[in-house]
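Every read-out reported here was derived from the displayed coordinates using simple, explicitly stated rules and does not represent laboratory data. What you see is a predicted model; the values in this text were computed from it and never measured. All Cβ positions, even for glycine, are placed from backbone atoms using ideal geometry, and neighbour counts span all protein chains on display.
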Amino acid sequence: MPGMDVFNTLGRHTQTFEPLEPGRVGIYVCGPTVQSRPHVGHGRAAVAFDVVRRYLAWSGYDVTYVQNVTDIEDKIIAAAADEGVDPQVLAKRNAETFAAAYLRLGVGPPDLEPAATDHIPEMIELIETLIAGGHAYSAGGDVYYAVRSFDGYGKLSGRQIDDLISGARIEPGEHKRDPLDFALWKAAKPGEPTWDSPWGPGRPGWHIECSAMARRYLGDTFDIHAGGNDLVFPHHENEIAQSEAATGKPFARYWLHNGMVDLSGEKMAKSTGHVVDLIEALGTYPPQAVRLFYLRSHYRKPLDFTAEALEDAVASLERLWAFRRRAGDPVGRLADPATIAAFRAAMDGDFDAAGGLAVLFDAVRTGNRLLDAHEDPSALAAAYDELVELLGLAEPGRSVDDIAEALGALGSRFGVAGDSPWDLVEGLVATRTAAREQRDWPTADGVRDALADLGIVVEDAADGSRWHRR
């Protein structure tokens, strides 16, 4: 497999990526907590790790991509109470909204999408292991993780226990022994969903959910754990403490964290109401333009969401698509190797999709110059097709196979033959030109309109007719 470097939050340095098992990669991404609709920050994370997944698969790895749904948590219960609905009804509705938004963004579905409420037995089993090992304790129907029992606590975030203690406190109603300890299981409260457990009815804490689900589907140790950088502490730090204390093995080997989306320099957060609804953004701008906007900055960097940046993404996307329409289809041509090599070099540098996009736009500029000089851009067009598919930026439309079938039928209708779909287009345009010269307007217009229905535009000029795909 090709070599690639990734920035690992665990240790905060760049490392050569080497999966546990050659040729295979296991990825766990912290999915949404579905207390409300998605905002554009959620879309950024989804696109960033969708491209990581696509690139690893394109590079030849067999990827198992797991992304959970947190459908039980304090915020969901509070939001459901405010709305006067059952927490599971609210969670299901919002989870479906997230899935629909991600689909519109071109984000592929995960291979596995476990919901927290479907994995309560795994969580209970993990908690029992932690209690048996002296890393957790029950108190008043709750179960807490004993942070000081784990020597490596703080290794992901770089925080020291002595520094954490100054801001920690025991809230009213909590039974924990140390202000740093956190809940693994919460005793039942009136009006909340509950499950039976060895410690009485209750529900899981947030952090134990991901530890249990990641272990269930990827094993005690796996390759990549990803999520927003707002999850580094305490969520991911606590996942490491729970998982490694229970198994005695490393949890995830590489930790990838995307930067936050800002609005006028202020971080987006549901807790402050400072958000832009993702569904509304996708209704205002083409979904692929929103995707392009996300990819124009390295995934670890913060990203400022502005109308100007989105409008520029729309214009940039149209420049990409306009080249492809001009170029026609590169039948029988191999992708330009220099373009592919430059793209790979960018992406091998910590999944730098912004650098990869720059390579794509360079290829488009070169391709347009070739077209202006009446030279063949097919190799660049073939590279373009491969890269926009990988990045999820291809122009929507009918597949080449569908168009080929329809063109075959159209050729039979007008008595045109060809060895390829695009030979048929050339023959049909020639038939139209002959019909125009003979003033056979029904035939000329019929060919033009039939091609237009397939997304193929015929344009007339003084020196003849040209065609391109719309």
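A few points about this structure:
- When peptides 314-321, 30-37, 190-197 are sorted by average Cβ neighbour count within 10 Å, with the highest value leading, the order is 30-37, 314-321, 190-197.
- Scoring 66-79, 105-118, 45-58 by mean Cβ neighbours within 10 Å over their residues and listing the highest first yields 45-58, 66-79, 105-118.
- Angle between the chain longest axis and helix 206-218 axis [Cα atoms, degrees, rounded to 10]: 60
- Computed over segment 7-53, the ratio Rg/Rh where both radii use C-alpha atoms and Rh is Kirkwood: 1.06
- Bins of 10 Å from zero: percent of alpha-carbon pairs in segment 278-391: 14, 42, 32, 11, 1
- Cα centroid separation - segment 120-146 against segment 286-316, whole Å: 44
- Protection proxy ranking of 144-151, 433-440, by the mean of other Cβ atoms within 10 Å over each peptide's residues and highest first, is 144-151, 433-440.
- Kirkwood Rh and Cα Rg combined as Rg over Rh, evaluated for segment 193-312: 1.08
- Nearest-ten-degree value, helix 353-372 long axis tilted from longest Cα axis of the chain: 0
- Sorted from greatest to least, the principal axis extents spanned by the alpha carbons of segment 311-470 come out as 59, 31, 30 Å.
- Mean shadow area of the chain over all directions, Cα convex hull, nm²: 26.4
- The alpha-carbon atoms of segment 400-469 define a convex hull whose volume equals 76 cubic angstrom per residue.
- With neighbours defined as other Cβ atoms within 10 Å of a residue's Cβ, the residues K249, K92 order from fewest to most as K249, K92.
- Per-residue ellipticity at 222 nm, computed for the chain from helices alone with -39500 (n - 2.57) per DSSP H run of at least four residues, works out to -14500 deg cm²/dmol.
- Burial ordering of I208, I120, I456, fewest other beta-carbon atoms within 10 Å first: I120, I456, I208
- Each eigenvalue of the Cα gyration tensor of segment 106-149, multiplied by 5 and square-rooted, gives one semi-axis; in descending order these are 30, 12, 10 Å.
- Share of Cα-Cα pairs in segment 5-258 lying beyond 32 Å, as whole percent: 21
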